[in-house]
Amino acid sequence: MYTQDTLAVILGGGRGTRLAPLTLARCKPAINLAGKFRLIDIPVSNCINSNVVKVFVVTQFLSAGLHRHIFQTYRFDRFSQGFVQVLAAEQTPTNMNWFQGTADAIRQSLGYITEWNIKYVLILSGDQLYAMDYSKLLNFHVKKNADVTVCTLPVHAENVSRMGIMQIDTKGRIMKFVEKPTDPKVQEELVTGESFLKQFGIEVRGRRHLGSMGVYVFNREALIQMLSEKKYTDFGREVIPEAVNSHRVFAYVFDDFWEDIGTIESYYQVNLCLTDPIPPFNFYREDWPIYTHPRSLPGVKVVGGRIERAILCEGSIINNAQITRSIIGIRKVIRPGSIIRDSLVLGADFYEEPGEIPEGFRKTESDIPIGIGHNVYIEGAIIDKNTRIGDGVVIRPKHGEPDRDGDGYYVRSGIVIVPRGGVIEPGRVI
């Protein structure tokens, strides 16, 4: 019911410096997920599945690929009011600046948001993995007669300093909100009582705090008022703490898998977890599909080899290789004798030749074809899109290795990363 009166705004404009080098050529929401999806597909799919079909995606840095993906993927028919539209940072007669933060991005987009006859604005992040029915969130928001609702997650003490933490009363109204508190006394003041969590059917299991997910519902007029009165730049540090003092702000508790994919390590671990027999996030739900760009690609071709706990995406060719606890992206060619373990091998945007490229024939200037060469060993790595890994290359992690930039590769959190379009010459050992 309330979804028809809601406009969603997905924030996708950050630099994503902690995800470099994956973000050297693309913005965070455009990064691949589970081999064939993009991060932006998660919040957009949550919106569509929740019947929230008016969606803006606010972008700023390296957004061309994200724009193309959204245009190719999300098209509603002429009888629907639904849309997924990009709002890029732009200069105007009254503002010549880039977005200065999450709140500033929404403020600069208010002119487009207020054109729509809506009552609620749903603000989402473009770099999180979770499945949430926003219609339940909106029902909660209206039932509480809230001006603002903050989606929250029960967290353990070790996560408190990384999130916005709140103090609530017995009805769930937020009385105090502190962004990333580090003072032990303040942390103790923000402990949530077990009785409140249990009314949501949540098992506490030592989780004594409620952390903000960065997902908010605002009444339209409340959002306009707060962003117009002061030049706030950030929701967590400024808007929400101030709103607690002047508006009715409530906490909506979510107790399911949620991950903020903000670092190379979290990106790597979340993707590998998807190869588990029972993964923490389920891409196989028929009642909650994750949408992405439809491709006319053939099925996976496995000529031979051994495959355990792997996700193989359409159009990939596995030719007598061993693949263990890894993800192989679309159109990726893995040649004979190669071994891939605990790695993300992202796909390719095109085939150089259909199927396996014959020996002695190369269509490109390089004599190393796109894909993984013969007798290659890869472990603990992220191999980005359109990369060329030559025959006999060895890539393996070194325990305790510090972050560094190598010749054609990077090491971050002990993970070797070959960037998009990178070339590793035959026989190299990394």
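Nothing in this text is a laboratory measurement; each read-out follows from the coordinates by a stated rule. Please read these numbers as outputs of a predicted model, since none were measured by experiment. Because the Cβ atoms are built from the backbone with ideal geometry, glycine has one as well, and the counts that use them run over all protein chains shown.
A few points about this structure:
- Using the Cβ-Cβ distance between Arg205 and Glu425 with R0 set to 56 Å, the FRET efficiency works out to roughly 0.65.
- Per-residue Cβ neighbour rank within 10 angstrom, fewest leading, Lys385, Lys231: Lys231, Lys385
- Extension gain from Asp276 to Arg248, taking 0.36 nm per residue of separation minus the Cα-Cα distance: 5.9 nm
- Label-point separation in nm, Asn117 to Asn51, each point 7 Å along Cα→Cβ: 1.9
- Listed residue (Cys273, Val423, Ile240) projecting farthest to the positive dipole end of the chain, Cβ model: Ile240
- By the count of other C-beta atoms within 10 Å, a proxy for reagent exposure, Asp276, Asp5 are ordered fewest to most as Asp276, Asp5.
- Counting charges near Gly164 (Lys, Arg +1; Asp, Glu -1) among other residues having Cβ under 15 Å from its Cβ returns a value of -3.
- Taking the longest Cα principal axis of the chain as reference, the axis of helix 220-229 is set at about 90 degrees.
- Per-residue ³J(HN,Hα) for segment 234-240, Karplus 6.51 cos²θ - 1.76 cosθ + 1.60, θ = phi - 60°, Hz, x for Gly and Pro: 9, 6, x, 7, 10, 5, 5
- Correct option for volume of the Cα convex hull per residue in Å³ [calculated from the coordinates] among [x] 556; [y] 133; [z] 165: [z]
- Ascending count of other beta-carbon atoms within 10 Å, so fewest first, for Ser63, Ser338: Ser63, Ser338
- Proximal lysines relative to Lys231, as straight alpha-carbon distance under 24 Å, when same-chain residues fewer than 8 apart are discounted: Lys119, Lys176, Lys180
- The calculated FRET efficiency for the pair Asp367 and Thr263, based on their C-beta separation and a Förster distance of 41 Å, comes to about 0.70.
- The chain - mean residue ellipticity at 222 nm from DSSP helices (-39,500 (n - 2.57) per run, n ≥ 4, rounded to 500): -5000 deg cm²/dmol
- Net charge dipole size for the chain [Lys, Arg +1 and Asp, Glu -1 on Cβ; Debye, nearest 20]: 340
- Segment 173-191 residues near the modelled Ala157 label - backbone nitrogen below 15 Å, point 7 Å along Cα→Cβ: 182-191
- Proximal charge balance of Glu425 [Cβ under 13 Å; K/R count +1, D/E count -1]: -1
- Centroid-to-centroid separation of segment 198-256 and segment 383-402 [C-alpha atoms, Å]: 42
- For segment 277-317 versus segment 135-166, the gap between their alpha-carbon centres in whole angstrom: 33
- Backbone amide hydrogens, once placed in the peptide plane, bring Arg38 within less than 5 Å of Leu33, excluding anything fewer than 5 places away on its chain.
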